[in-house]
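What follows is a set of notes on a single structure, which appears directly below.
FYI, it's all coordinate maths here, none of it is from the lab. Computed from a predicted model, the values in this text were never measured in an experiment. Cβ sites come from the backbone with ideal geometry, for glycine too, and all protein chains shown count toward neighbours.
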Amino acid sequence: MKNIAVIGAGTMGNGIAHTFAQSGFKVQLIDISEASLKRGMDTISKNLDRMVSKDRITEADKTETLANITTYTKIDEGVKAVDLVVEAATENLDLKLKIFKQLDEACPKDAILASNTSSISITQIAAVTSRPSKVIGMHFMNPVPIMKLVEIIRGYNTSNEVTNTIMDLSKKLGKTPTEVNDYPGFVANRILMPMLNEAIETLYNGVAGVEEIDTVMKLGMAHPMGPLQLADFIGLDICLSILNVMYDGFKNPKYAPCPLLVNMVMAGKLGVKSGEGFYDYSESRKAEQVAKQFLK
């Protein structure tokens with residue numbers, strides 16, 4: 001594989017594009033918004049600058065990585081000659097199904113179609129294509145250039161050949177691929193999201209405050225970031241979406257989102273991305289400081 005397309009230039013998309021490009025792949029970064037593409041490329045450049053300052057890469061490495069990325073605003077133009085597409089759009093089922101229908105029509109017939117979804121069924125996504133055996137999940141962790149895990153999700157029809165190819169490819173990126181089966185939330189979010197939701201319930205029930213809850217988990221459980229701060233970092237809207245997928249999939253009340261989470265999302269308090277969540281990020285570039293703390 002040499003040519004990789006990444007759909008979506010947001011946090012996950014630009015991180016995935018960065019990682020492939022830094023590993024020597026030619027990357028087509030695709031987003032319908034020119035502004036999003038510019039923000040995505042600016043983020044990649046800043047993250048590369050940070051790596052240069054820490055002597056992890058050279059200036060020449062940065063230049064080569066950026067040269068490996070080409071941006072497009074139209075899917076059909078960006079995927080004409082790709083070997084693999086990694087979709088990293090918003091965690092919305094209808095949007096993903098629409099994108100995969102487009103990809104199936106526009107991509108070469110032998111191209112593998114992957115989704116970075118963190119909870120939505122790969123089998124359901126694959127069903128809208130004419131190549132279900134070539135559809136797979138590649139769930140990268142945030143921040144993508146730093147985190148080693150890639151959850152590899154086999155759909156019901158995903159072939160052994162495609163699974164092995166993506167496992168090997170992930171290793172070439174310096175990642176540790178872990179194969180899981182296609183159930184709501186897979187492994188990472190099936191375990192993580194109920195924990196975050198329980199932390200929100202603990203706050204909602206008045207057991208302790210935000211900083212107290214996070215301090216207990218950081219100092220008592222050796223978590224690098226408290227669950228409420230982590231929820232802010234992920235995005236409270238994303239957390240709510242994932243919990244809803246699991247609740248709908250399992251019909252088990254333990255996955256029901258806390259009312260406080262629902263209300264905060266409705267109020268537009270989404271965490272770092274909106275400037276306010278469980279913490280206030282509006283002063284002194286606190287949002288950027290949180291991101292840098294997690295990237296250390």
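The value of relative contact order for the range 3-181, using C-alpha pairs under 8 Å at least six residues apart, is 20 percent.
Put simply, the C-alpha atoms of the chain give a gyration tensor, and the ellipsoid matching it has half-axes of 31, 24, 17 Å, longest first. Per-residue Karplus couplings for the range 9-20, computed as 6.51 cos²θ - 1.76 cosθ + 1.60 with θ equal to phi - 60°, are listed in order as 9, x, 3, 6, x, 5, x, 5, 4, 4, 5, 5 Hz, Gly and Pro entered as x. Each peptide in 29-35, 219-225, 143-149, 271-277 gets a packing score, the mean of other Cβ atoms within 10 Å over its residues, and the list from highest to lowest is 271-277, 29-35, 143-149, 219-225. Histogrammed with a bin width of 10 Å, the alpha carbon distances of the range 29-153 distribute as 12, 38, 35, 14, 2 percent, first bin at zero. Positive-end ranking of VAL27, MET1, ASN181 along the dipole of the chain, with charges on Cβ about the Cα centre, is headed by MET1. Placing pseudo-labels 7 Å out from each Cα toward the beta carbon at ILE146 and VAL216 gives an inter-label distance of 2.6 nm. Gain on full extension, evaluated as 0.36 nm per residue between GLU105 and VAL180 minus their Cα-Cα distance, stands at 24.2 nm. Its alpha carbons considered, the range 126-170 gives a radius of gyration followed by a Dmax of 11.6, 34 Å. Relative contact order of the range 189-295: 26 percent, from C-alpha pairs under 8 Å at least 6 residues apart in sequence. Once a ≥ b ≥ c are taken as the square roots of the eigenvalues of the Cα gyration tensor of the range 93-160, is the result rounded (a/c under 1.5), prolate (a/b larger than b/c) or oblate (a/b not larger than b/c)? It is prolate, given that a/c is not under 1.5 and a/b is the larger ratio.
For LEU93 and PHE250, FRET efficiency with R0 = 25 Å and r from the beta-carbon atoms, rounded to 0.05?
On the way: r = 16 Å, r/R0 = 0.64.
With a Förster radius of 25 Å, E is 0.95.
Using the crude model of +1 on Lys and Arg Cβ and -1 on Asp and Glu Cβ, and no other charge, please compute the dipole size for the range 13-111 relative to its Cα centre, in debye to 20.
With Lys and Arg at +1 and Asp and Glu at -1, about 180 debye.
Using 19 Å as the cut-off for backbone N distance, which residues of the range 211-253 belong to the label zone defined by a point 7 Å from the Cα of VAL262 along Cα→Cβ? Zone members listed by number: 236-253. Overall dimensions of the range 189-295, expressed as equivalent-ellipsoid semi-axes from the Cα gyration tensor (√(5λ), whole Å, largest first), are 22, 16, 13.
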